[in-house]
Amino acid sequence: MADSKPKKRKALELVDATSTAAEISAESVDEKTLTEEEARRLREARNHYMLNREISWLKFNERVLEEAFDQKNPLLERLRYISIFGSNLDEFFMVRVGSLLDIQLMNPKLIDSKTGWTLDEQFDQIYKEVHPLYTLRDQAYEEVETELRKMGVYNLEMDELTEDDRAFIRKFYDSAIAPVLAPQVVDAHHPFPHLNNKKPYVVALIKHEDRTMLGLIPMPDDTPYTVFLPSGGETVRYVRLSRIISAFLAETFPNFEVVEDNVICVTRNADIDPAEEGYDVDEDIRYRMKRLLKRRKRLAPVRLECVKKPSDELEEYLITKLGISKDVVFYTKTPLVMNYLGGLIRHIPEQKAARMLYTPFDPVHTPKLKKGMTPMGYISKQDVLLSYPYESMDFFLDLIKEAADDPSVLSIRITIYRLSSKSKLVDYLSRAAENGKDVSVLLELRARFDEENNINWSEKLEDAGCTVSYGLDGYKVHSKLALITRRVGTELAYITHVGTGNFNETTAHVYTDLSLLTADEEIGRDAAEVFRNVGVNYTDAEYRRLWASPATMRTNIIKAIDEQIKLGEKGRIAIKINSLTDNELIDTLVRASQAGVKIDMIIRGISCMRPKVAGYTDNIRIISIIGRFLEHSRIYWFGQGKDSQVYLSSADFMTRNLDTRVEIAGPVDDTDLREKVRRILDLKLGEQTKRWEMEADGKYCLEPTSGEVIDSQKFLLEATGD
């Protein structure tokens, strides 16, 4: 097996980008090998076509929020977009801002390789971008709430309650709220407590004689954050729990004068890294992760949110106690936690709620099997490509179920990154192990915010007799690979799954992803080698048909782009990914554009490359689609016609995916399936209702509709439904 460790990369040769002969050398740059002059020229060139990663992500989340303003979206779905925007922003502060703060402690002089910004400049730009987003979210929330009232759904303030309402709230408070409250007075005898991550607290400045103190009430965990009032007909009326608790502060803190009240929520750094923590070599990674998850709850604050602007006295007190700057204090009229949405929908009469939600759909069950045909029998004759959420995951699940019982099956291997809270896949893998099959599951315990769920599933799989491993030191296993090995006569036969998304039965209903199932012998052998190599922590292998990071994914992508560069203006590239951040791939795409290659990119989230920049990215088009379903599939298409290369991948064009994760990309060989992938790409590129196109200045424009209106997601739903 060839050793594919990256060769030493030479410096970029950059010339004036306005020249038609402008070119960046075929090999990518190892910036550590550059002379001072070469480094200066590289920075100058990149300043023309690169964007800061964090700012690009914030622009993406703004596009998500814009869906809440779109009156063509159902009303409760608009409210859901506001909730998604908030959850995204929470994670941004917990992970991205948190990691930048960690970097600042370790390497305060670090410079952003894309923009040349210092860390302080990055923070300044982040906060400058975030504050207006809070104002925009409040506008969206107010607009949606106004429309909901027209539909008979009322989110009431306390001063809007009738006498009967007040009597109901009084009784509910005395019986269900007051007994579970844990109020605290912060003074010399009661120090400022730890505030849990993303937990709302009602706070008050309270005064006794000449002393002013802080009163604090954690929102009770076992009480719903919304209290629904008795209502007639189809009217739904409710009060947020925080408003009720605030209304009874005088009773909660007797002998005190309530000077000021507010509701606050602290966001904490959640960027835990097991590799950076001290642990025993022989320690079970599950116990290590459990310990780190407890530690996450106590990491440093990175943001403070308040439902209204506090007085200077209260604000100064809170930022001092939390050890944060005023820059990360945000005021919002939107609820700090929007986990009440599901309960609200259930309280609205079903027919009325249906008018305010997307029309439900059932994914199509494909392929349709003839009587007596099984999934394994079908795949042995032809490849299968499943397109989620339009097609059901059931065919894949039925395949695993069949393999669990089929006497010819010797083993099942699978890599798992995220699973739903209820999983038929786990049931079928467990069944296979109980039936004596050799079942090996590589379950990544470090899937951020799914660690606890994965720990629980790992224990269930082990109890059933599966061999469970937890990834590699230094590398997350993010691939979506599965392999069924069976004995057919005297030979071994393989069925391989290469996918773009997780084996998650819940997100398969809301994420667009592709799953390739093939009996190709070479791909099967490659997959078998991948599992063997990962099992012994070997990541430098080169495979026949599969591309794998960290060893060959980057080099194969660059090689495929280089092949198009040789064709010049006849070259074509189409890429669909979630994020583009890797400098090396960006520089290579710039070089392809300079050679005349036409490049279409569908990038849902972050793009650190600006298209349409004269002399650099003239031939690159970047669009982002935000719609009902989360565009998650990764497709690499190089060339045109029968000579084109088509790969489905688990990897985005991000440095982490290419260098510090185990990722897999697999080829689509079948002519009909390639045409299916092409139709998907063409539909996305022709999108008109939800297409945001990036301009040369890095800003996105929502493209106006013209001619035949194309909503690619709706089209695929209706087309598949036929």
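On the basis of being crowded, with 18+ Cβ neighbours inside 10 Å and modelled with pLDDT of 90 or more, does residue 504 make the cut? Yes; evaluated as a whole, the condition is true for this residue.
On inspection, residue 572 qualifies as touching a strand residue (DSSP E or B) at 6+ places or on another chain (Cβ under 8 Å) and either closer than 30 Å to residue 598 by Cα or buried (at least 24 other Cβ atoms within 10 Å of the Cβ) (or both).
Within the stretch 592-627, can you find the residues that are touching a Leu at 6+ places or on another chain (Cβ under 9 Å) and either more than 28 Å from residue 77 (Cα to Cα) or modelled with pLDDT under 95 (or both)? Within the stretch 592-627, 595, 596, 597, 599, 600, 608, 609, 610, 617, 620, 621 meet the criteria. Of everything in the stretch 430-440 that's more than 15 Å from residue 399 (Cβ to Cβ) and in contact with a Ser or Thr (Cβ under 7 Å, 6 or more places away or on another chain), which residue is least open to solvent (accessible area, probe 1.4 Å)? Looking at the filtered set, the residue picked out is 440. Just so you know, in the stretch 301-321 the residues that are buried (at least 20 other Cβ atoms within 10 Å of the Cβ) and assigned to a helix (DSSP H, G or I) include one that is nearest to the chain's Cα centre (by Cα), and it is 318.
Applying the criterion of being polar (S, T, N, Q) and in contact (Cβ under 8 Å) with a residue 24 or more places away in the chain to the residues of the stretch 334-375, the residue that is surrounded by the fewest Cβ atoms within 10 Å (Cβ to Cβ) is 339. Of the strands (runs of 3 or more DSSP E) lying entirely inside the stretch 189-266, the ones with 1 or more residues being buried (at least 20 other Cβ atoms within 10 Å of the Cβ) and free of Cβ contacts under 8 Å to residues at least 60 places away in the same chain are found at 200-208, 211-218, 226-229. Go through the residues of the stretch 635-650 one by one and say whether even a single one is among the charged types (D, E, K, R) and at pLDDT 95 or above. Checked the stretch 635-650: no residue is among the charged types (D, E, K, R) and at pLDDT 95 or above. Within the stretch 401-429, the set of residues being free of Cβ contacts under 8 Å to residues at least 40 places away in the same chain and either under 21 Å from residue 514 (Cβ atoms) or open to solvent by 10 Å² or more (accessible area, probe 1.4 Å) (or both) comprises 401, 402, 405, 407, 427, 428. For the stretch 643-660, the condition of being part of a strand (DSSP E or B), touching a strand residue (DSSP E or B) at 6+ places or on another chain (Cβ under 8 Å), among the hydrophobic types (A, V, I, L, M, F, W, C) and in contact (Cβ under 8 Å) with a residue 40 or more places away in the chain holds for at least one residue. Considering only residues in the stretch 86-108 that are under 26 Å from residue 698 (Cα atoms) and acidic (Asp, Glu), the one that is least open to solvent (accessible area, probe 1.4 Å) turns out to be 90. When the stretch 584-640 is limited to residues that are of a type in the set (A, V, I, L, M, F, W, C) and in a loop (DSSP other than H, G, I, E, B), the one that is surrounded by the most Cβ atoms within 10 Å (Cβ to Cβ) turns out to be 608. When the residues of the stretch 45-85 are filtered to those that are small (Gly, Ala, Ser) and surrounded by fewer than 22 Cβ atoms within 10 Å (Cβ to Cβ), the one that is nearest to the chain's Cα centre (by Cα) is 83.
Residues that are farther than 24 Å from residue 141 by Cβ and touching a residue at least 40 places away in the same chain (Cβ under 8 Å) number at least 1 in the following helices (runs of 4 or more DSSP H) confined to the stretch 33-102: 36-49, 53-66. Out of curiosity, is residue 545 part of a helix (DSSP H, G or I), within 26 Å of residue 443 (Cβ to Cβ) and either open to solvent by 20 Å² or more (accessible area, probe 1.4 Å) or touching a strand residue (DSSP E or B) at 6+ places or on another chain (Cβ under 6 Å) (or both)? Against the criterion (part of a helix (DSSP H, G or I), within 26 Å of residue 443 (Cβ to Cβ) and either open to solvent by 20 Å² or more (accessible area, probe 1.4 Å) or touching a strand residue (DSSP E or B) at 6+ places or on another chain (Cβ under 6 Å) (or both)), residue 545 does not qualify.
Only one entry of 590, 597 meets the criterion of being among the β-branched types (Val, Ile, Thr) and over 29 Å from the mean Cα position of the chain (by Cα), and that entry is 597.
Of the numbered criteria (1) open to solvent by less than 10 Å² (accessible area, probe 1.4 Å); (2) of a type outside the set (S, T, N, Q); (3) more than 19 Å from residue 390 (Cβ to Cβ), the one residue 661 fails is (1). The residues of the stretch 173-188 that are more than 16 Å from residue 253 (Cβ to Cβ) and open to solvent by less than 60 Å² (accessible area, probe 1.4 Å) amount to a single one, 176.
Out of 624, 650, one residue alone is out of contact with any His (no Cβ under 7 Å at 6 or more places or on another chain) and under 17 Å from residue 579 (Cα atoms). It is 624. Look at the stretch 381-394 and say how many of its residues are in a helix (DSSP H, G or I) and surrounded by 14 or more Cβ atoms within 10 Å (Cβ to Cβ). The qualifying residues number 1.
With respect to the conditions (1) free of Cβ contacts under 8 Å to residues at least 12 places away in the same chain; (2) buried (at least 18 other Cβ atoms within 10 Å of the Cβ), residue 486 falls short on a single one, namely (1). The number of residues in the stretch 361-379 being touching a helix residue (DSSP H, G or I) at 6+ places or on another chain (Cβ under 8 Å) and under 30 Å from residue 342 (Cα atoms) comes to 4. Answer yes if at least one residue in the stretch 547-566 is closer than 21 Å to residue 411 by Cα and polar (S, T, N, Q), and no otherwise. No, because not a single residue in the stretch 547-566 is closer than 21 Å to residue 411 by Cα and polar (S, T, N, Q). Here residue 529 does not qualify as surrounded by 16 or more Cβ atoms within 10 Å (Cβ to Cβ), out of contact with any strand residue (DSSP E or B) (no Cβ under 8 Å at 6 or more places or on another chain) and closer than 21 Å to residue 385 by Cβ.
Of 481, 443, all but one fail to be buried (at least 21 other Cβ atoms within 10 Å of the Cβ) and touching a His at 6+ places or on another chain (Cβ under 8 Å); the exception is 481.
The values are calculated or read from the model by the stated rules, or taken from the named source; none is laboratory data. Since the model is a prediction, treat every value here as computed from it, not as a measurement. As a convention, Cβ positions derive from the backbone with ideal geometry for all residues, glycine included, and neighbour counts pool all protein chains shown. Note: accessible area is taken over every heavy atom of the protein model, side chains too, but ligands, DNA and RNA are not part of it. Shrake-Rupley method; radii C 1.70, N 1.55, O 1.52, S 1.80 Å.
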